[in-house]
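Read the structure below first, then the notes.
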Amino acid sequence: MKQAKGMKISAVIITFNEADRLPDALTSLQGVADEIVVVDSNSTDRTPEIARQARVQFFQNRFEDYGQQKNFAMQKASHDWILNLDADERVSPELKKAILALKEKGTPADANAFAIKRKTFYLGRWIRHSGWYPDRKIRLFKKNSASWQGRIHERLLLTGPVVPLAGAILHYTYRDISDQIRRLNRYSIFLAEEIIRQNKKFLYPRLLILPPVTFLRHYLWRLGFLDGFPGFVIATVSSWGTAMKYFKAIAGKRAAKTGCGS
């Protein structure tokens, strides 16, 4: 198979109050990215200062949803290949080696994207099960073949073949349990609004059935028990997050009917 050489990569990161994590993400991109684009949604900490000091391409953009923000960032990139990284993620040494090999030897001529495993560090250990691993993500792709969609848990819409790539993205997720609950609470608002927008039925049965099913899926079916205490916490908090989105969807629909939501 012919190889397409001359690969130039724009690494793209979106941020909001990531001063404690952005420096390590930028460091992990050294030697891999030909350009780094950071799009910030008006952080109130030192994130903008850190980005500017790192001499990246820095932009501010009002946050609407994750898909929109990532599309905005992608359009600011100069190169054909995009490496999407979150501020709480790092390029592992093995992944860096694999990307450098692509840049040296060339990419398969028919490859439009690469799927990369993501390994998450949570409560002091690397998670190997619980539905969190291998968690393959398409993060290296041709700009003109892709777009992001989704308010939350955004997904990449892609045309063309996807090829696996060695190595992993290292994901240093929630800072602590409180951070996890805060984020899930915020996400549940978006998800509840989506449930209402789609006019889903049987919300009360879903509220009763889906939280315990979520727990069982993470803890038993996806072998979360092999992750020890963190696996139990993942299953429990995921179940709570499922309950929250249905609680809020039910409350939102009731408020709309009574006129209290206006």
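The values are calculated or read from the model by the stated rules, or taken from the named source; none is laboratory data. All values reported here derive from a predicted model rather than from experimental measurement. Positions of Cβ are generated from backbone atoms using ideal geometry, with glycine treated the same way; all protein chains shown enter the neighbour counts.
Quick look at the numbers
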quantity	calculated
Candidates Lys103, Lys97, filtered to the one that is more than 21 Å from the chain's Cα centre (by Cα), surrounded by fewer than 21 Cβ atoms within 10 Å (Cβ to Cβ) and at pLDDT below 95	Lys103
Residue in the range 137-161 that is modelled with the highest pLDDT, counting only those that are in contact with a Leu (Cβ under 9 Å, 6 or more places away or on another chain) and outside any strand (DSSP E or B)	Ser145
Which listed residue, of Pro134, Pro164, is of a type outside the set (Ser, Thr, Tyr), surrounded by fewer than 16 Cβ atoms within 10 Å (Cβ to Cβ) and either part of a strand (DSSP E or B) or without any contact (Cβ under 8 Å) to a residue 12 or more places away in the chain (or both)	Pro164
Lone unmet requirement of (1) exposed (fewer than 15 other Cβ atoms within 10 Å of the Cβ); (2) among the basic types (Lys, Arg); (3) in contact (Cβ under 8 Å) with a residue 12 or more places away in the chain for Arg21	(1)
Selected residue [under 18 Å from Ile169 (Cα atoms) and not basic (Lys, Arg)] from Asp20, Asp24, Asp110	Asp24
Residue that is assigned by TED's automatic domain parsing to the domain that holds Arg128 and free of Cβ contacts under 8 Å to residues at least 12 places away in the same chain, where the choices are Leu208, Leu157	Leu157
Hits in the range 6-41 - residues which are under 16 Å from Phe72 (Cβ atoms) and out of contact with any strand residue (DSSP E or B) (no Cβ under 6 Å at 6 or more places or on another chain)	Phe16, Ser41
